[in-house]
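Below: the structure, in structure tokens.
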Amino acid sequence: MELIRGVTLVVVSVLLSIATLGLWLGNLQTNPLLSWVVFVVGFALCAVTAIAGIWGILGFFRDKEGK
């Protein structure tokens, strides 16, 4: 279960980064301030999600080694 959750979080992180780039580029000319806020917040969420996913994947293999 931990492995599936970890992989899912990594996939969500990748999709979130693609969406963040799209929103950032779409708003860059019309509203630069909002665009940079979206960029910073979006990639902060991507980083947190990716770290949580990798932590879950590593936890799965760490638990498997201990048994």
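The values are calculated or read from the model by the stated rules, or taken from the named source; none is laboratory data. Only a predicted model underlies this, so the values are computations on that prediction, with no experimental measurement involved. Cβ placement follows ideal geometry from the backbone for every residue including glycine, while neighbour counts extend to all protein chains displayed. Please note that ligands, DNA and RNA were not included when accessible areas were found on the heavy atoms of the full protein model with its side chains. Shrake-Rupley method; radii C 1.70, N 1.55, O 1.52, S 1.80 Å.
Computed over the chain, the quotient of the alpha carbon radius of gyration and 2.2 N^0.38 Å is 1.44.
Heavy-atom accessible surface of the chain, averaged per residue, reaches 74 Å², computed with a 1.4 Å probe. Principal-axis analysis of the Cα atoms of the chain puts helix 2-27 at an angle of about 10° to the longest axis.
Fully extending the segment from residue 14 to residue 51 would add 12.1 nm, taking 0.36 nm per residue of separation and subtracting the current Cα-Cα distance.
Residue 4 sits among other residues whose Cβ lies under 15 Å from its own Cβ, and their net charge, with Lys and Arg +1 and Asp and Glu -1, is 0. Protection proxy ranking, highest mean first, for peptides 29-39, 7-17: 7-17, 29-39, where packing is the per-residue count of other beta-carbon atoms within 10 Å, averaged. Surface composition of the chain: carbon and sulfur make up 78 percent of the accessible area, probe 1.4 Å.
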